[in-house]
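K.L.:
Below is a structure I'd like to ask you about.
The values are calculated or read from the model by the stated rules, or taken from the named source; none is laboratory data. Note that this is a predicted model, so its numbers are computed, not measured. Counting neighbours? That spans all protein chains shown, and the Cβs are built from the backbone with ideal geometry, glycine included.
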Amino acid sequence: MFKTVFKQYKVKSTSPDLSEVVSFDEIDDNPEKDSKAQRISFNNEDTNWSEFPGLKSPRAWRTFVLKSHPGLLVIRNPFTDHGQRYWIARCLRDYPRAPNIVNLNERLFDDSVRCDWWKELQECKDPSERHRIKAAMRWTTLGYHHDWDTKIYNEHSKSPFPEDLSRLCQLFSSYLGYQDFRSEAAIVNYYPLGSSLSGHTDHSEPNHLAPLFSFSFGQTAIFLIGGRTLEEKPTAIYLESGDVLVMSGESRLCYHAVPRIIQTTNMSTDSLPNESKLENFKFLDIDLFEQVADSNYWQPFCSYIADSRININVRQVLKPGDLKLN
Ligand SMILES: O=C(O)CCC(=O)C(=O)O
């Protein structure tokens, strides 16, 4: 059943029927309508949330759950435009740099591209080579590196986890009541239009009780969430730029996939006003945060995201109290 639905959305020759895809904005616009999802609120309205640059105040966040997939939550774009720019730039300029690991094959790409993909892409003048370099980037791994063959994490294959991303996840995990979440592994997925990710479960982490945080930027994904087996019919939802999807509890080990990316998002190229008090947030790359507000600096990132989607998928690997893998 999962694979049949996946193929319906992935189909290349025709436009698929999107009438069943859950749109969270539509639910907010028509709360009376019988829907597969509903908006929920948390009892933490009174918490004195500290400001986090690039995020709207948690009081303004809108959180949705799917009625037939307990444990799956979507916080609908809690980022400001400035915040989205920052995370997109981190995923393109910084996260693919060594010592993080990228998918680029050593037979097809020089060490220079494999160690600093974005810099080499910006410096490449030949249009067809530029296209080849741009389209080849599909994933980079941070922290404990995901092993795509064995699916087993290894204590000897890890790089430092970025402090800014870890702090971002800490904020979302405390908001949802998971005070002890630790960001220990991430996959950043890059999706050019026409690409997809087939059905799978994320079970490599010894810790299945901690939630998984997934951030979407750029073009919209059709995301499928199914059950523990491929027999169960999945539900399709839109994941739009800025959305934060959380897979916790029952949904943490469920099949999921991205059959299609649709081009819906036009990010502004204008300069943005700068945010104040950034010096209190030393864990961010403050220079980058300021630079992306500038139209010229932002332009190459904006051009990349005009026909691509980026997803950051963050997991806790270790069980509570463990300091390393056994
Ligand atoms: O791109 C997404 O939204 C999902 C990515 C994913 O499932 C994964 O990295 O395991």
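K.L.:
Test of understanding: among Tyr175, Tyr191, which residue is at pLDDT below 95, within 25 Å of Arg315 (Cα to Cα), surrounded by 13 or more Cβ atoms within 10 Å (Cβ to Cβ) and in contact with a strand residue (DSSP E or B) (Cβ under 9 Å, 6 or more places away or on another chain)? Working first, answer last.
P.N.:
On the way: Tyr191 fails: at pLDDT below 95.
Result of the check over Tyr175, Tyr191: Tyr175.
K.L.:
Now a separate question. Looking only at the stretch 140-150, decide whether some residue is charged (D, E, K, R) and either touching a residue at least 60 places away in the same chain (Cβ under 8 Å) or out of contact with any strand residue (DSSP E or B) (no Cβ under 6 Å at 6 or more places or on another chain) (or both). Walk me through how you get there before you give the answer.
P.N.:
Kept after step one, since they are charged (D, E, K, R), are these residues of the stretch 140-150: 147, 149.
Restricting the remaining residues to those that are either touching a residue at least 60 places away in the same chain (Cβ under 8 Å) or out of contact with any strand residue (DSSP E or B) (no Cβ under 6 Å at 6 or more places or on another chain) (or both) gives 147, 149.
Yes: the stretch 140-150 contains one or more residues that are charged (D, E, K, R) and either touching a residue at least 60 places away in the same chain (Cβ under 8 Å) or out of contact with any strand residue (DSSP E or B) (no Cβ under 6 Å at 6 or more places or on another chain) (or both).
K.L.:
Considering only the stretch 226-285, give the strands (runs of 3 or more DSSP E) lying wholly within it that have at least 2 residues that are hydroxyl-bearing (Ser, Thr, Tyr) and either at pLDDT below 95 or surrounded by fewer than 22 Cβ atoms within 10 Å (Cβ to Cβ) (or both). Quick ask: steps written out before the conclusion?
P.N.:
Working: elements: 235-239, 244-247, 256-262.
Ranges flagged: 235-239.
K.L.:
Looking only at residues that are out of contact with any strand residue (DSSP E or B) (no Cβ under 8 Å at 6 or more places or on another chain) and of a type outside the set (S, T, N, Q) in the stretch 9-31, which one is surrounded by the fewest Cβ atoms within 10 Å (Cβ to Cβ)?
P.N.:
Start the filter on the stretch 9-31 by keeping residues that are out of contact with any strand residue (DSSP E or B) (no Cβ under 8 Å at 6 or more places or on another chain), which leaves 11-15, 17, 19, 25-26, 29-30.
Now narrow it down to the ones that are of a type outside the set (S, T, N, Q): 11-12, 17, 25-26, 29.
Numbers: Val11: 13, Lys12: 7, Asp17: 10, Asp25: 13, Glu26: 13, Asp29: 9.
Taking the candidates together, the pick is Lys12.
K.L.:
On to the next question. Given the criterion touching a Pro at 6+ places or on another chain (Cβ under 6 Å) and among the small types (Gly, Ala, Ser), identify the matching residue among Ala60, Ala135, Ala98, Ala89. Reasoning before the result, please.
P.N.:
Details: Ala60 fails: touching a Pro at 6+ places or on another chain (Cβ under 6 Å); Ala98 fails: touching a Pro at 6+ places or on another chain (Cβ under 6 Å); Ala89 fails: touching a Pro at 6+ places or on another chain (Cβ under 6 Å).
After applying the criteria, what remains is Ala135.
K.L.:
Name the single residue, out of those in the stretch 196-254 being over 28 Å from Pro58 (Cα atoms) and among the small types (Gly, Ala, Ser), that is farthest from the ligand (Cβ to nearest atom).
P.N.:
Among residues in the stretch 196-254 that are over 28 Å from Pro58 (Cα atoms) and among the small types (Gly, Ala, Ser), the one farthest from the ligand (Cβ to nearest atom) is Gly227.
K.L.:
Select from the stretch 286-318 the residues that are in a loop (DSSP other than H, G, I, E, B) and under 18 Å from His146 (Cβ atoms) and write down the one among them that is farthest from the ligand (Cβ to nearest atom). Explain how you work it out, then say what you get.
P.N.:
Filtering the stretch 286-318 down to residues in a loop (DSSP other than H, G, I, E, B) leaves 292-294, 306-307, 316-318.
With under 18 Å from His146 (Cβ atoms) added as a condition, the list becomes 316-318.
Values: Gln316: 14, Val317: 14, Leu318: 18 Å.
Among them, the one singled out is Leu318.
K.L.:
Restricting attention to the stretch 104-123, which residues are surrounded by fewer than 16 Cβ atoms within 10 Å (Cβ to Cβ) and more than 13 Å from Phe301 (Cα to Cα)?
P.N.:
Kept after step one, since they are surrounded by fewer than 16 Cβ atoms within 10 Å (Cβ to Cβ), are these residues of the stretch 104-123: 105-108, 110-112, 119, 122-123.
Those that are surrounded by fewer than 16 Cβ atoms within 10 Å (Cβ to Cβ) and more than 13 Å from Phe301 (Cα to Cα): Asn105, Glu106, Arg107, Leu108, Asp110, Asp111, Ser112, Glu123.
K.L.:
Further question: Would you tally the residues in the stretch 120-151 being under 20 Å from the mean Cα position of the chain (by Cα), at negative phi and at pLDDT 95 or above?
P.N.:
11
K.L.:
Among the residues of the stretch 64-83, are any in a strand (DSSP E or B) and under 27 Å from Ile133 (Cβ atoms)? Full working, then the answer.
P.N.:
We begin by selecting, within the stretch 64-83, every residue in a strand (DSSP E or B); these are 64-66, 72-75, 79.
Keeping just the survivors that are under 27 Å from Ile133 (Cβ atoms) gives none.
So far as the stretch 64-83 goes, no, none of its residues is in a strand (DSSP E or B) and under 27 Å from Ile133 (Cβ atoms).
K.L.:
Could you give every pair whose Cβ atoms fall below 7 Å, whose first residue belongs to the stretch 194-205 and is under 19 Å from Met137 (Cβ atoms) and in contact (Cβ under 8 Å) with a residue 60 or more places away in the chain, and whose second residue is more than 10 Å from the ligand (Cβ to nearest atom) and basic (Lys, Arg), counting only separations of at least 6 or pairs across chains?
P.N.:
Ser196/Lys10; Ser196/Arg260
K.L.:
So which residues in the stretch 267-321 are touching a residue at least 24 places away in the same chain (Cβ under 8 Å) and of a type in the set (Asp, Glu)?
P.N.:
Listed by number, the residues that qualify are Asp270, Glu275, Asp285, Asp307.
K.L.:
Looking only at helices (runs of 4 or more DSSP H) that lie completely in the stretch 102-183, which have at least 2 residues being more than 15 Å from Leu92 (Cβ to Cβ) and within 16 Å of the ligand (Cβ to nearest atom)?
P.N.:
Details: elements: 111-115, 117-123, 127-136, 163-175.
It comes to 163-175.
K.L.:
For Asn189, which of the numbered conditions (1) away from the ligand (no atom under 11 Å from the Cβ); (2) assigned to a strand (DSSP E or B); (3) among the polar types (S, T, N, Q) fails to hold?
P.N.:
(1)
Rundown of residues vs (1) over 16 Å from the mean Cα position of the chain (by Cα); (2) in contact (Cβ under 8 Å) with a residue 12 or more places away in the chain; (3) within 18 Å of Leu212 (Cβ to Cβ), yes/no style:
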position: Thr63; (1), (2), (3): yes, yes, yes
position: Ser68; (1), (2), (3): yes, yes, no
position: Leu73; (1), (2), (3): no, yes, yes
position: Pro78; (1), (2), (3): no, yes, yes
position: Gln84; (1), (2), (3): no, yes, no
position: Tyr95; (1), (2), (3): no, yes, yes
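K.L.:
What tally of residues in the stretch 192-220 results from selecting those that are assigned to a strand (DSSP E or B) and either in contact with a Pro (Cβ under 9 Å, 6 or more places away or on another chain) or polar (S, T, N, Q) (or both)? I'd like the intermediate steps shown before the answer.
P.N.:
If we filter the stretch 192-220 for residues that are assigned to a strand (DSSP E or B), which is where we start, we get 192, 197-200, 212-218, 220.
If we keep only those that are either in contact with a Pro (Cβ under 9 Å, 6 or more places away or on another chain) or polar (S, T, N, Q) (or both) as well, we get 197-199, 214, 216, 220.
Count: 6.
K.L.:
In addition: Can you tell me which residue in the stretch 1-37 is nearest to Gly71 (Cα to Cα), limited to those that are of a type in the set (Lys, Arg) and in a loop (DSSP other than H, G, I, E, B)?
P.N.:
Lys36
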